[in-house]
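J.: If you scroll down you'll find the structure; I have some questions about it.
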Amino acid sequence: MNLDNNEIFGSKNAVVISYLAKLLLSLEVGDKLETVEEISKKLNVGRGTIQTAMTRLKNNNVIKTVSRGYQGTFITYINFNKLLSLAGVHSIVGVMPLPYSKRYEGLASGIYYTLMKLENVRINLAFMQGSFNRLNALLDGRYDLMVASKQTAIKYINENYPISIAATLGEESYISNHILIVNDKFDGNTNEMKLGVDLSSDDQVFMTMNYFENQNVQIIPCKSSNVVEAILKGEIDGAIGSSGNINVDFPNLKTINLTNPSETSDNTRATIVIKKDNEVMKTILQKYLNIDKIQTIQKEVILGNRKPVY
């Protein structure tokens, strides 16, 4: 009899099968299995039920094991794609910043390409402005993972949000250098300067507070997508942005390169964040997310050597 997902998940053994699949996802060939007695105690079900479920997995070539006597039972073969299906993982949906720069397009393409190795699992990426908005969407269960800067991810973790960092990319994988976008008549005097800040972007809030610490400036709430228009209309005097992430190709604007005031480069590093209790997603990303490949694809997109696909 073939292992049929609909039949299994509709049976009384569904919980056992699902648990075993999630347990096995975290293991590799050569790892030792928990004993039937240990698993039965965890699930509070009979040993016979566990043994039956394990036998069905073996009979359908999901796993193969070898007994080594008193040492225990060890895995000799494991089919991760079948385990994903049995664990109920049929799609992975991530959320990241709007892809308005080659850097973000490359990042999205890299994540998409590397996760495409998962057979029979749909990979989808959504885009949302503001790291705090993405955080709430992740915690609400609308997404399986989110992308933010390492600096912002650490901030949320320190604020006791139930999340964890599943992967961190290299420097300038999230943003490159910061710039101050101003009207071309700006003379360098920041006294009483009106600064536009997207309050949903913890990165922009942090960088603005750091660059203009102890200076007499006025913070004006302004969406990142409206910065250029707001400066041209005189509603704000300027705003901090990332080079390449905002179109500043206008005759009445100029940019000023800024030196990173942070002691680390965490604000330039992209991180992939998941809910803290999502052990299955953590295992999937650790097994299938190739950081080097993501960064290679990102660079190819930035240089124009690869067409972005996400």
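So that you can scan it fast, the table gives a plain yes or no per residue for (1) outside the structural domain of LEU139 (by TED's automatic domain parsing); (2) at pLDDT below 85; (3) surrounded by 15 or more Cβ atoms within 10 Å (Cβ to Cβ):
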| position | (1), (2), (3) |
| --- | --- |
| TYR211 | yes, yes, yes |
| GLN218 | yes, no, no |
| CYS222 | yes, no, yes |
| GLU235 | yes, no, no |
| THR271 | no, no, yes |
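J.: Could you please find all residues in region 289-310 being under 11 Å from GLU105 (Cα atoms), of a type in the set (D, E, K, R) and touching a residue at least 40 places away in the same chain (Cβ under 8 Å)?
T.: Matches in region 289-310: LYS299, GLU300, ARG306.
J.: Moving on to the next point. Can you name every residue in region 183-214 that is more than 22 Å from ASN267 (Cα to Cα) and either in a loop (DSSP other than H, G, I, E, B) or touching a Cys at 6+ places or on another chain (Cβ under 8 Å) (or both)?
T.: As a first pass, look at region 183-214 and keep what is more than 22 Å from ASN267 (Cα to Cα): 183-194.
Across region 183-214, the qualifying residues are ASP184, LYS185, PHE186, ASP187, GLY188, ASN189, THR190, ASN191, GLU192.
J.: Scanning region 42-67 for residues that are aliphatic (A, V, I, L, M) and buried (at least 17 other Cβ atoms within 10 Å of the Cβ), which turns out farthest from TYR288 (Cα to Cα)?
T.: To start, the set of residues in region 42-67 that are aliphatic (A, V, I, L, M) comprises 43, 45, 50, 53-54, 57, 62-63, 66.
Of the ones still in play, those that are also buried (at least 17 other Cβ atoms within 10 Å of the Cβ) are 45, 50, 53-54, 57, 62-63.
On the way: VAL45: 32, ILE50: 28, ALA53: 26, MET54: 25, LEU57: 22, VAL62: 18, ILE63: 19 Å.
Ranking the candidates gives VAL45 first.
J.: When you check ILE39 against the structure, is it surrounded by 20 or more Cβ atoms within 10 Å (Cβ to Cβ) and at pLDDT 90 or above, yes or no?
T.: No: the conditions fail for ILE39.
J.: Considering only residues that are in contact with a Ser or Thr (Cβ under 6 Å, 6 or more places away or on another chain) and either within 21 Å of GLU171 (Cα to Cα) or not in a helix (DSSP H, G or I) (or both), which ones fall in region 275-293?
T.: Selection gives LYS276, LEU289, ASN290, LYS293.
J.: Okay, next question. Starting from region 199-222, take each residue that is more than 14 Å from ILE181 (Cα to Cα) and in contact (Cβ under 8 Å) with a residue 12 or more places away in the chain and list its partners that are in a strand (DSSP E or B) and of a type in the set (D, E, K, R), counting only C-beta distances under 8 angstrom and pairs at least six apart or across chains.
T.: These pairs meet every condition: VAL217/LYS194; GLN218/LYS194; ILE220/LYS194.
J.: Taking region 189-201, which residues are crowded, with 21+ Cβ neighbours inside 10 Å and touching a strand residue (DSSP E or B) at 6+ places or on another chain (Cβ under 8 Å)?
T.: Across region 189-201, the qualifying residues are LEU195, GLY196, VAL197, ASP198.
J.: Any residue in region 153-167 that is loosely packed, with under 15 Cβ neighbours inside 10 Å, assigned to a loop (DSSP other than H, G, I, E, B), among the polar types (S, T, N, Q) and assigned by TED's automatic domain parsing to the domain that holds ALA126?
T.: yes
J.: Determine if region 235-254 includes at least one residue that is free of Cβ contacts under 8 Å to residues at least 12 places away in the same chain and part of a loop (DSSP other than H, G, I, E, B).
T.: Yes, some residue in region 235-254 is free of Cβ contacts under 8 Å to residues at least 12 places away in the same chain and part of a loop (DSSP other than H, G, I, E, B).
J.: Limited to region 111-152, what total is found for residues that are part of a loop (DSSP other than H, G, I, E, B) and closer than 25 Å to SER225 by Cβ?
T.: Residues meeting the conditions: 6.
J.: Under the condition of being part of a helix (DSSP H, G or I) and of a type in the set (D, E, K, R), which residue from region 68-110 is surrounded by the fewest Cβ atoms within 10 Å (Cβ to Cβ)?
T.: My answer is LYS102.
The values are calculated or read from the model by the stated rules, or taken from the named source; none is laboratory data. As the structure is a computational prediction, the values presented were derived from the model and not from experiment. Note: ideal-geometry Cβ built from the backbone for every residue, glycine included; neighbour counts use all protein chains shown.
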